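Can you read through this structure? Questions will come right after.
The values are calculated or read from the model by the stated rules, or taken from the named source; none is laboratory data. Small disclaimer: the values here were computed from a predicted structure and weren't measured. Here the Cβ positions follow ideal geometry from the backbone for every residue, glycine too, while neighbour counts run over all protein chains shown.
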Amino acid sequence: MKSLMWFRNDLRMDDNPALREACKSSDEVHAIYIYSQNQNKKHNEANCKTEFFIENLKVLESKLSNINIPLNIIHSEGFKDNSEVISNYVKNNSLNKVFWNNQFGIDESERDLSVQNYLKGKNIEFENFDEQVVFAPGTILTGEGKPYSVFTPFKRRWIENFNLDLLDIEFEYTKKNDTKIKSNLNEFDFQFKKNNQVDMSLWPAGEVEALSRLKTYLDKNIFRYAQDRNDPIVDGTSRLSAYLASGIISPKRCILEALKINNFELDAGEKGIVKWIDEIVWREFYKNIMYSFPRVSKGQPFQNYTKNIEWRFDEKEFTAWKEGKTGFPIIDSAMKQMLSEGWMHNRLRMVVAMFFTKNMLHDWRLGEAFFMQNLVDGDFASNNGGWQWSSSTGTDAAPYFRIFNPLTQSKNFDSDGLFIKKHIKELENIDKKEIHDPSSNIRESQNYPKQILDLKQSRLRAIDAFNKAKNN
């Protein structure tokens with residue numbers, strides 16, 4: 001049999017069920033990736049993430065060539081033409097079947113349904129798989145057969161259903177028959193122009209790098225994850241999120257390797273390992289939310305009453321927030337980290353998002369989009385879930401009256417101001433007692449901006465806005 005592997009958000013060979021099954025069942029395998037600038041723009045894909053993705057395509061192409069699978073990039077105007085693109089490739093190369101791994105989101109689901117219907121009409125076989133989750137979306141349900149909207153019971157049921165056979169992912173590829181087709185990747189014009197300031201040396205491409213990062217983290221730092229994960233200056237997290245978001249490594253691989261050093265215990269044993277696996281399951285939870293409640297893919301809040309919130313908007317405040325010039329050092333340093341690294345520490349993502357939606361009382365969708373436009377690890381489900389949690393509009397969300405005080409957060413998690421000093425050069429010589437909330441004299445002498453708002457007044461304003469929305 002001759003088959004087509006359609007790569008999407010799964011640029012790897014390890015634990016790639018669609019590629020594995022294509023290779024198992026076929027003597028000859030072709031591979032394509034459909035590239036659309038329009039679709040990337042529509043989905044707010046960051047320039048740095050696109051750069052990262054292109055580099056990973058190059059690494060993947062090289063690995064596939066070792067087993068005689070050519071990878072060809074095909075230009076597309078957007079999702080709507082994918083059915084025809086695939087059908088034409090299958091017809092032109094006399095292929096029998098198409099394989100792919102599923103994606104999440106309303107646009108992706110509608111695209112895939114359209115492709116399936118089109119292929120059925122052409123009598124072309126296809127098979128699809130779930131590789132971003134351990135359990136098929138929509139299968140972890142309450143006793144009443146409903147999807148979970150709170151993480152803790154979701155995880156409890158997830159563990160109840162778990163067995164190690166789900167992590168049977170080892171597979172050894174063998175060479176396929178030569179297709180006589182050459183990859184076009186080196187000649188393809190991605191029409192990509194770098195306009196980000198991210199140091200991309202922080203994100204070497206390829207699944208070998210991803211697996212190496214995983215091994216190094218599990219060998220050295222995971223045992224301190226529970227203690228270190230909230231400290232932004234400490235290298236306490238794995239920094240695998242960019243590789244997970246683009247499918248360079250799979251959640252199953254991460255869980256399997258972690259379980260190996262925890263006696264295959266999911267909720268007992270080393271606290272750091274259990275907590276780290278929790279974060280992988282959170283990603284699956286948010287993907288299930290997106291699958292079960294499609295409205296969150298359409299810019300709608302999960303909590304319906306929050307549609308009534310009267311968000312304010314101030315262009316100067318919004319610009320100050322985007323540029324890291326709010327006058328709150330922990331907020332500004334976090335934003336500068338994102339702009340220079342394409343990544344932000346998870347604790348600070350919550351602090352920044354809550355400051356934006358509560359203290360600034362700006363619409364969470366604006367912040368959500370800006371993060372996606374700048375994160376190399378932008379994952380729509382996780383980003384949406386995080387922003388809706390922080391803004392108290394989402395599932396399992398923080399109570400609306402719970403508002404992180406950025407000054408307190410700064411003192412608690414960056415007590416010596418080392419993270420602030422790393423990212424805000426104007427404050428690198430300021431004493432740790434002053435750095436969290438510099439005096440007006442220090443601000444003036446160091447050319448560091450005044451605070452754009454009053455924390456106490458803005459907190460009361462947010463609570464009032466949520467109360468009004470609840471009572472409407």
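Does any residue of the stretch 90-107 turn out to be more than 26 Å from Phe293 (Cβ to Cβ), out of contact with any strand residue (DSSP E or B) (no Cβ under 7 Å at 6 or more places or on another chain) and of a type in the set (Ser, Thr, Tyr)?
Looking for residues that are more than 26 Å from Phe293 (Cβ to Cβ), out of contact with any strand residue (DSSP E or B) (no Cβ under 7 Å at 6 or more places or on another chain) and of a type in the set (Ser, Thr, Tyr), one finds none in the stretch 90-107, hence no.
Considering each of Val29, Val59, Val90 in turn, give the residue that is of a type in the set (A, V, I, L, M), within 27 Å of the chain's Cα centre (by Cα) and either in a helix (DSSP H, G or I) or crowded, with 17+ Cβ neighbours inside 10 Å (or both).
Matching residue, one of Val29, Val59, Val90: Val59.
Could you tell me which numbered condition Ile452 fails, if it satisfies all but one of (1) crowded, with 17+ Cβ neighbours inside 10 Å; (2) outside any loop (DSSP other than H, G, I, E, B)?
Of the numbered conditions (1) crowded, with 17+ Cβ neighbours inside 10 Å; (2) outside any loop (DSSP other than H, G, I, E, B), the odd one out for Ile452 is (2).
I'd like to know if the stretch 219-231 contains one or more residues that are closer than 15 Å to Arg253 by Cβ and outside the structural domain of Leu348 (by TED's automatic domain parsing).
yes
Which count do you get for residues in the stretch 165-181 that are out of contact with any helix residue (DSSP H, G or I) (no Cβ under 8 Å at 6 or more places or on another chain) and either modelled with pLDDT of 95 or more or not basic (Lys, Arg) (or both)?
Of the residues in that region, 9 qualify.
Being closer than 24 Å to Ile124 by Cα, assigned to a helix (DSSP H, G or I), in contact with a helix residue (DSSP H, G or I) (Cβ under 7 Å, 6 or more places away or on another chain) and among the polar types (S, T, N, Q), is that true of even one residue in the stretch 74-85?
Looking through the stretch 74-85, at least one residue is closer than 24 Å to Ile124 by Cα, assigned to a helix (DSSP H, G or I), in contact with a helix residue (DSSP H, G or I) (Cβ under 7 Å, 6 or more places away or on another chain) and among the polar types (S, T, N, Q).
Working carefully through the options Trp276, Trp321, find the one that is surrounded by 20 or more Cβ atoms within 10 Å (Cβ to Cβ) and under 22 Å from Gln132 (Cβ atoms).
Trp276
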